[in-house]
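Nothing in this text is a laboratory measurement; each read-out follows from the coordinates by a stated rule. Just so we're clear, the structure is a prediction, and the values are computed from it rather than from any experiment. All Cβ positions, glycine included, derive from the backbone under ideal geometry; neighbour counts span all protein chains shown.
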Amino acid sequence: MSSTESEILNRRLLKLFPVKLLKEEFQVTASTQPELIDTLVYGNTDHTLREFAFDKIDCTKQHVYIYTLNRAFDSGSFSARDFPIEVLRSVRTSNGWVLHCLPKITHNVVLIEPFETRTIDFYQPIKITLDGNRLILQFTILEKNLKAHFERNRCVYSKRMLEESAIKDEILNHFGRNYQVDVCDMNRGVKYLWDNGLLDGKALKFKRAKSTATVTMDEEETYKEVYPEEYRETMKDPLHRTVLKYKVQDDELCDLFTIDPSKGEISFNKYPLTANQIQNVISKILANN
């Protein structure tokens, strides 16, 4: 049975979520991921699957970008009609808005044996939070290797036509019309959690007076535990791309995540164990910033 474009897109959308979550949320048992996803696609409406994606976006792998506005966002001034990408869900909160978008991302691909050019589309869930003077953009990470979507590894080249950075810039330009939008420097919040034993470094990039240093720790070792004196020196300077490990034996925060505090960026390249972990990481850093 051939699939419609909507069914194909929904199938790719569901693949962004952990299999365990899909089974639990939809109360479906299936022996394989393809069987499970087919059951969900053919057994649910587009609306149901989109609402699931919005509800559970914090269960996906994510790129997070955090900004500061020069004043609290005026909630009454927001209009989804004027937004640069389509807003499919908007929820007003006490301090602002939470917006959900699902743009269709097209990739151009080149196939061989025989030579052919095609396009392949994916939905990318995006969550935008306006909270006081904070602007937080959360992008679900799309897979980069498209070979699995074509038989016999025919795909030899692919290019995303609308980059995540371009979507981000459109959003920032929109808010930049009425606000000064600055990168949220998270050095203070990260260093507070690090200094208090919640986090430690697995890989670090940091700025010295006349150089940039990088350190990668072996296996289970972490930076502060092994190099306490160097750690104290490192904390005197801004941090850049750093892989952090959560040191407390509970599931409050993600076990590992990558952060560039000086650029206001966090990457969660593994599925979180709970739906709250990503928000907990963001909240704890900002609360101590």
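Please work out the C-alpha center-to-center distance from segment 78-99 to segment 179-209 and express it in whole Å.
Taking the Cα centre of segment 179-209 as reference, the centre of segment 78-99 is 29 Å away.
What Rg and what Dmax come out for segment 62-183 when only alpha-carbon atoms are used, in angstroms?
Here Rg and the maximum Cα pair distance are 17.7, 57 Å.
Write down the Å³ per residue value for the convex hull defined by the alpha carbon atoms of segment 157-198.
Cα convex hull per residue, to the nearest whole number: 113 Å³.
Quick check on the chain: what does the Kirkwood estimate of hydrodynamic radius come out to from the alpha carbon pairs, in Å?
21.0 Å
As a footprinting exposure proxy, order 79, 267 by other Cβ within 10 Å, with the fewest listed first.
Starting with the residue having the fewest Cβ neighbours, the order is 79, 267.
Residue by residue through segment 223-228, what is 3J(HN,Hα) from phi via Karplus (6.51 cos²θ - 1.76 cosθ + 1.60, θ = phi - 60°)? Round to whole Hz and write x for glycine and proline.
In residue order, the calculated couplings are 4, 5, 5, 7, 10, x Hz.
Would you mind ranking 161, 235, 217 so that the residue whose beta carbon has the fewest other beta carbons within 10 Å leads the list?
The fewest-first ordering by Cβ neighbours comes to 161, 235, 217.
List the relative contact order of segment 5-58 as a percent without decimals, with contacts defined as Cα pairs under 8 Å and 6+ residues apart.
41 percent
Can you tell me the dipole magnitude for segment 187-287 around its Cα centre, using point charges on the Cβ only (Lys, Arg +1; Asp, Glu -1), in Debye to the nearest 20?
My answer is approximately 640 debye.
Starting at the first residue of segment 233-238, write each ³J(HN,Hα) from the Karplus equation 6.51 cos²θ - 1.76 cosθ + 1.60 with θ = phi - 60°, in whole Hz, x for Gly and Pro.
Calculated HN-Hα couplings, in order: 5, 4, 5, 7, 10, x Hz.
Could you give the angle, 0 to 90 degrees to the nearest 10, between helix 5-14's Cα long axis and the longest principal axis of the Cα atoms of the chain?
That works out to roughly 30 degrees.
Taking the Cα centre of each part, how many Å lie between segment 213-245 and segment 1-22?
Taking the Cα centre of segment 1-22 as reference, the centre of segment 213-245 is 40 Å away.
Expected output is a single nm value to one decimal: the length gained when fully extending between residue 273 and residue 252, i.e. 0.36 nm times separation in residues minus the C-alpha distance. What is it?
Extending this stretch completely gives an extra 6.6 nm.
How much length, in nm to one decimal, is gained on full extension between residue 20 and residue 218, taken as 0.36 nm per residue of separation minus their Cα-Cα distance?
Taking 0.36 nm per residue and subtracting the Cα distance, the gain is 68.2 nm.
Once the convex hull of the alpha carbons of segment 124-198 is built, what does its volume come to per residue, in cubic angstrom?
155 Å³
Per 10 Å bin from zero, what fraction in whole % of the C-alpha pairs of segment 187-287 is there, up to the bin with the longest pair?
15, 54, 28, 4, 0
Toward the positive end of the charge dipole of segment 187-287, about the Cα centre and with charges on Cβ (Lys, Arg +1; Asp, Glu -1), which of 279, 238, 228 goes farthest?
238
Please compute the contact order of the chain in relative form: average sequence separation of alpha-carbon pairs under 8 Å and at least six residues apart, divided by the residue count, as a percent.
Relative contact order, the chain: 18 percent.
How big, in percent, is the set of alpha carbon pairs in segment 1-147 lying more than 21 Å apart?
52 percent
As a footprinting exposure proxy, order 262, 6 by other Cβ within 10 Å, with the fewest listed first.
Ascending Cβ contact count within 10 Å gives the list 6, 262.
Taking amide H positions as placed 1.01 Å from N in the peptide plane, with prolines and chain starts having none, which residues 5 or more places from residue 184, or on another chain, fall under 5 Å of its amide H?
Sorted by chain and number, the residues that satisfy this are 66, 67, 68.
Can you tell me the Rg and the Dmax, both Å, for the Cα atoms in segment 5-58?
Cα only, segment 5-58: 10.0, 26 Å (Rg, Dmax).
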